[in-house]
Each structure stands twice: as C-alpha cells, then as structure tokens.
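Colleague: Just dropping this structure here.
The values are calculated or read from the model by the stated rules, or taken from the named source; none is laboratory data. Bear in mind the structure is a predicted one, so any value in this text is a computation, not a measurement. With ideal geometry, Cβ positions are generated from the backbone for all residues, glycine too; neighbour counts draw on all protein chains shown. These accessible areas exclude ligands, DNA and RNA; they are computed on the full protein's heavy atoms, side chains included. Shrake-Rupley method; radii C 1.70, N 1.55, O 1.52, S 1.80 Å.
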Amino acid sequence: MTAPPTVPAEPGPFPLPEGRVALLLIDMQRDFLLPGGFGESLGNDVSQLQRVVPPLQELLAAARAAGLLVVHTREGHLADLSDCPPAKLRRGAPSKRIGDPGPYGRILVRGEFGHDIVDELSPLPGEAVIDKPGKGAFYATGLGALLEEAGITHLLVTGVTTEVCVHTTVREANDRGFDCLVVADCVGSYFPEFQRVGLQMVSAQGGIFGWVADSAAVLSALDPARSPAPAPSAV
Ligand code: TIU
C-alpha cells in the first residue's frame, strides 16, 4: 500500500488518506460577508472576511477535482425562530437582531437571500449543505452521521469566522475523533488579532485541536503535479 499524500503543516505533516478526507466550508454566507448583513449589524468590518473567497474558490475547485466529499454549512434559524435560544437572540447590542428585516431579507433566517452562500462558492447540485442553529456544525445537525456514513476521518476546515464557528466546529470535531486541518488563508475573522491567535490556538501544544497550513500546501498535496508548496509560515 502506498502512503497517502501529506500536507506540510504545523505542528507536523497532515495525511490525506484516500476516500477519508472531506472539505468543510463553514458559513460562507452573505449575512456574514456582505455589507448590511448580520456580521455588519454586530459592528464588524466585513471586508476582513472577503479576502477568504479567492483562495477558497481555488481550494474548492481542487477538492472537487480530487473527488473529496464537500460539505457546506449555513448558520441560521427557522422563520418562527423556534430553534433560536432566547439567549442567542438577546445577545449583544446589534443594530439588527436575528429575524429582523435587512437588505437581504430577514437576518440569519433560512430561505432568505442573506442566509445563503455567496455566489462564488455556491454548492453544486448533490453537495451536502448542513443548516445549523448554533456556532458548531455538529450541534443539532446531521453532520456527524453524514461524515461517519461516508467513512470520513480527516477534515479540511475552511470558512468564517475563525474564532467563532470555525473554532467551535473544530473543537466539536476533535472530541468526535476527527483529525482537522484548518486552512489558514481560507478561514477569516473580523479581527486580525483573533485570526492570528485563533490559528495558533489550534496547532499549539503539539496540535491540541488540529493542524494548520496554507492553501498552497494543501493544493500541492491534492495535486502532486503542482510545484512544491513553500514551507509552512509561522502562525
Ligand atoms: N460573529 C461571528 O464572528 N460569527 C458568527 O456569528 N458566526 C460564525 O462564525 N459563522
């Protein structure tokens, strides 16, 4: 048996065993990325997240070409908000709350334009789209069963935001026995400091929650015909 390709990563090489790797795109929704959505209503600079789109488009294309399972998630709630805990609804002092009308429909409500994924990363027909009421993608969803049935053991984790839904999902995945590689330039935070420290927190302590690498390194491992990836940057 030949050894699987590996991604040079922090804190060490991350293997990509054939048939066992999925690409997870977390919450790349208009409500988080576009002006006027939930992210901006919380006072955030949404331009910080938009730099994630081009490298993630490239990684998504490579994952599809390599035949990886691709799973998209969307954070949001039923129209009657019955799946939104009152504590989440009340949290903070946003200019608009979950369920309020916004420029892209009701904020973070399923079926609304703003709740859906940005055009550049639209799921293909047949790709899994997991609707989640929480920050973690495993809580109150079918994600765990889907991955188990598909025989997935390794996750390439991308999306937004690094310290909120990406971190929560990586921690959930870690406790469920998945090996997670967080793709540094394909995750984004509204806060540059949280981006930097959020990535460090994943790979510190010998990889306490997982591994971190840039998309260039993942692309090279998915397609060995590409030129070798540069050494992993310090994060
Ligand atoms: N506010 C923030 O940073 N994130 C979220 O509310 N959800 C996700 O991270 N998807």
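Colleague: If I compute solvent accessible area with a 1.4 Å probe over the protein chains, what percent of it on region 1-113 is carbon and sulfur? Provide the component values of the computation, followed by the final result.
Modeller: On the way: 2950 of 5250 Å².
With neighbouring chains kept in place, the figure for region 1-113 is 56 percent.
Colleague: Count the net charge of all other residues whose Cβ sits under 15 Å from the Cβ of Leu124, scoring Lys and Arg as +1 and Asp and Glu as -1.
Modeller: -3
Colleague: With each pseudo-label sitting 7 Å past Cα toward Cβ, what's the Glu148-Glu193 distance in nm, one decimal?
Modeller: With each label placed 7 Å out from Cα toward Cβ, I get 4.1 nm.
Colleague: If each Cα of region 1-106 is one equal point scatterer, what is log10 of I(q)/I(0) from the Debye formula at q = 0.12, 0.13, 0.17 Å⁻¹?
Modeller: Computed log10 I(q)/I(0) values: -0.60, -0.68, -0.92.
Colleague: Another question, then. List every DSSP H helix in the chain whose Cα atoms extend 18 Å or more along the helix's own long axis and whose mean Kyte-Doolittle hydropathy is at least -0.5.
Modeller: Those that clear 18 Å and a mean of -0.5 are 53-66, 192-207.
Colleague: Ordered by residue, what ³J(HN,Hα) values in Hz, to whole numbers, does region 6-20 give under the Karplus form 6.51 cos²θ - 1.76 cosθ + 1.60, where θ = phi - 60° and Gly and Pro are x?
Modeller: Working through the residues one at a time gives 10, 9, x, 8, 9, x, x, x, 10, x, 10, x, 4, x, 10 Hz.
Colleague: Okay, next question. Given charges of +1 on the Cβ of Lys and Arg and -1 on the Cβ of Asp and Glu, with all other atoms neutral, how large is the dipole of the chain about its Cα centre, in debye to the nearest 20?
Modeller: In debye, rounded to 20, the chain gives about 400.
Colleague: At 1.4 Å probe size, with every protein chain present, just tell me what the per residue accessible area of the chain comes to in Å². Walk me through the numbers on the way to the answer.
Modeller: Numbers: 10400 Å² over 235 residues.
So the chain comes to 44 Å² accessible per residue, rounded to a whole number.
Colleague: How much length, in nm to one decimal, is gained on full extension between Ala204 and Tyr139, taken as 0.36 nm per residue of separation minus their Cα-Cα distance?
Modeller: Taking 0.36 nm per residue and subtracting the Cα distance, the gain is 20.9 nm.
Colleague: Can you list residues from other chains, or at least 5 along the same chain, whose modelled amide H is less than 5 Å from the amide H of Gly159?
Modeller: Excluding prolines and chain starts, which carry no amide H, the hits are Ile26, Val187, Gly188.
Colleague: So, one more: Going by the alpha-carbon gyration tensor, a ≥ b ≥ c the square roots of its eigenvalues, is region 113-176 rounded (a/c under 1.5) or, if a/c is not under 1.5, prolate (a/b greater than b/c) versus oblate?
Modeller: Here region 113-176 falls in the oblate category.
Colleague: Moving to a separate point now. Using 0.36 nm times the number of residues separating Arg176 and Glu120, minus their current alpha carbon distance, what extension gain do you get?
Modeller: Contour length minus the Cα-Cα distance gives 17.1 nm.
Colleague: Now, a different point. Farthest toward the dipole's positive end in region 105-209, which of Ala137, Val197, Cys186, given Cβ charges of +1 (Lys, Arg) and -1 (Asp, Glu) about the Cα centre?
Modeller: Going by the Cα projections, it comes out as Val197.
Colleague: Still on this structure: I need to check one value: relative contact order of region 147-195, counting alpha carbon pairs closer than 8 Å and at least 6 residues apart, in percent. Please list the in-between numbers first.
Modeller: Details: 56 pairs, mean separation 22.5, N = 49.
With pairs under 8 Å counted, the relative contact order is 46 percent.
Colleague: Moving on to the next point. At a threshold of 8 angstrom on Cα-Cα distance, excluding pairs fewer than six apart, so keeping six or more, what relative contact order does the chain reach in percent?
Modeller: 26
Colleague: Something else about it: So what is Rg over Rh here for the chain, counting just Cα atoms and using Kirkwood for Rh? Walk me through the numbers before you get to the answer.
Modeller: Working: Rg = 17.2 Å, Rh = 17.9 Å.
Reported Rg/Rh, Kirkwood definition of Rh: 0.96.
Colleague: Pull up the DSSP beta bridges for the chain and report the antiparallel fraction as a percent, rounded to 5.
Modeller: The answer is about 20 percent antiparallel.
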